[in-house]
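Colleague: Encoded as structure tokens, here's the structure I'll be asking about.
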Amino acid sequence: MPSLHPLLNIIIEQGGSDLHIAEGQPPKMRKHGDVMPIRTEPMLRDETMSMLREISSEQNWNIFEERGDLDFAYEMDRASRFRCNYLKQANGYGAVFRLIPTKIASLEQLGVPPVVKEFGNLRGGLVLVTGPTGSGKSTTLAALIDYVNENFARHIVTIEEPIEFVHDNKRSIITQREIPTNSRSFPEALKAALREDADIVLVGEMRDLETISLALTAAETGLLVFGTLHTNNARKTVDRMVDAFPASRQPQARAMLANSLRGVVAQLLLKKSDGSGRIAVNEILITNAAVSAIIREGATQKLQDVIVSGKAQGMQFMDDAIWSLLEQGIVTPHEAFMKAIDKNRFKNFLPTEEQGLGDAAGAVPNDQNPFGKFR
């Protein structure tokens, strides 16, 4: 048995989401968003090297030694799969292992607003699922792909680094491609998808201009493209898509996005007030004529009004969704304040001694947690 397995088993047994190991530090676990040591003794070089090499192929290890970073998936057993990131740091080697639920939860089980399912019924366009690292984007997208897989006969191509959730073919055919094992880059795999008779393409991360440009082109040519961005709400998502282009191309980018964008699902995880885990909260933008006009004009500050007034169509503003959780007592005033866009709306609910918190204190932290189990 690889020497890493006992530490991975602690994560599983104690309901953690991530294992952090690094030379010179004790191994640590992230649970409910907080990081805590698993033992007191620090990791030594030989122990760290042994743990990392045992579960890595020779090819992957050589890539890691050359680049200093490596992403891959590791299946410990049929019930335990991890997304692994190897890294070189100041004191030597390190790694983070994210537990991936092997059973794909349904959209209903995740508590995602029912309107999100409608994005799976589309035949073309661009749908963006956004949020900070660890907010459950991959889990929500996996549930959406599974919904399509169960209900429609489509060819779905996923492009991921690495493959996280493994899908079985149901009514659809699912082709899962891993970067860089199956294709050298996201842009190359996305170009290839246009020749693979795909109906739906999932782009695991839209991190550069070429990928974003190709995703917009694919959506305009009739594919349904699902993509992810690290943005916290719909307005920032639209701005990020356009800002990726040089100034001379931004009017064209706005026109393409106005034509192809079908919706944005922004997602955050908030700690529950009873300490039992975390709950997802969503902002939903559904593109209509008003949204397309706003994107084309570059007047994204108007999107909030459209979202708030579009409640009947299933739209949802992030602060309204957080407010609802606060009213129900599901989250604390402090947690609501920390994750809200308009801090002033929630400031008066804080204890008096906390009301001096500035907006900088409310920056959304990088929660590390797989959404599927709401740890």
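Colleague: Looking at the square roots a ≥ b ≥ c of the eigenvalues of the Cα gyration tensor of the chain, which shape do they give, rounded for a/c under 1.5, prolate if a/b is larger than b/c, or oblate?
Modeller: oblate
Colleague: Taking 0.36 nm per residue of separation and subtracting the Cα-Cα distance, what length does fully extending GLN328 through ALA293 add?
Modeller: That pair, GLN328 and ALA293, stretches by 9.0 nm at full extension.
Colleague: Go through LYS302/LYS347; LYS272/LYS302; LYS137/LYS339; LYS28/LYS88 and tell me which ones have a Cα-Cα distance over 20 Å in this structure.
Modeller: Check vs 20 Å cut-off fails for LYS302/LYS347; LYS272/LYS302.
Colleague: Another question, then. When the accessible area of segment 1-157 is split by element with a 1.4 Å probe, what percent falls to carbon and sulfur?
Modeller: 49
Colleague: Taking the mean number of other Cβ atoms within 10 Å as a proxy for protection, how do you rank 153-160, 112-119 from highest to lowest?
Modeller: 153-160, 112-119
Colleague: Work out from phi, with θ = phi - 60° and the Karplus expression 6.51 cos²θ - 1.76 cosθ + 1.60, the ³J(HN,Hα) of each residue of segment 235-240, listed in order in whole Hz, and give x for Gly and Pro.
Modeller: Working through the residues one at a time gives 4, 5, 5, 4, 4, 4 Hz.
Colleague: Working out 0.36 nm times the residue gap between THR217 and ASN121, then minus their Cα-Cα distance, what length gain in nm do you get to one decimal?
Modeller: Result: 32.5 nm gained on full extension.
Colleague: Work out, step by step, the length gained on full extension between ARG345 and MET36: first 0.36 nm times the residue separation, then minus their alpha carbon distance; give nm to one decimal.
Modeller: Gain on extension, ARG345 to MET36, equals 108.0 nm.
Colleague: Ignoring ligands, DNA and RNA, please state the percent of accessible area on segment 254-347 from carbon and sulfur, probe 1.4 Å.
Modeller: Carbon and sulfur together cover 49 percent of it.
Colleague: Per DSSP helix of 4 or more residues, -39500 (n - 2.57); summed, then divided by the residues of the chain. What does that give at 222 nm, rounded to the nearest 500?
Modeller: Rounded to the nearest 500, the figure is -9500 deg cm²/dmol.
Colleague: Let me ask something else about it. Tell me the per residue accessible area of segment 158-203 using a 1.4 Å probe; a whole number in Å² is fine.
Modeller: 48
Colleague: At q = 0.19, 0.21 Å⁻¹, work out log10 I(q)/I(0) for segment 23-117 with the Debye formula, treating every Cα as an identical point scatterer and leaving solvent out; two decimals please.
Modeller: Those come out to -1.01, -1.14, one per q.
Colleague: Suppose we keep just the DSSP beta bridges with both residues in the chain; what percent of those would be antiparallel, to 5?
Modeller: 60
Colleague: Might you tell me the accessible area per residue for segment 234-312, computed with a 1.4 Å probe and given in Å²?
Modeller: 42
Colleague: Below 12 angstrom from the Cβ of GLY204, what's the summed charge of the other residues (Lys, Arg +1; Asp, Glu -1)?
Modeller: That sum, taken over residues with Cβ under 12 Å, equals -2.
Colleague: Would you mind working out the accessible area per residue for segment 26-97, using a 1.4 Å probe, and quoting it in Å²?
Modeller: Dividing the accessible area of segment 26-97 by its residue count gives 54 Å².
Colleague: Compute the signed sum of charges (Lys and Arg +1, Asp and Glu -1) over the other residues within less than 13 Å, Cβ to Cβ, of VAL148.
Modeller: That works out to +1.
The values are calculated or read from the model by the stated rules, or taken from the named source; none is laboratory data. Just so it is clear, the model here is predicted, and its values are computed rather than measured. With ideal geometry, Cβ positions are generated from the backbone for all residues, glycine too; neighbour counts draw on all protein chains shown. For the accessible areas, the whole protein counts, side chains as well, though only heavy atoms, and no ligand, DNA or RNA atoms are used. Shrake-Rupley method; radii C 1.70, N 1.55, O 1.52, S 1.80 Å.
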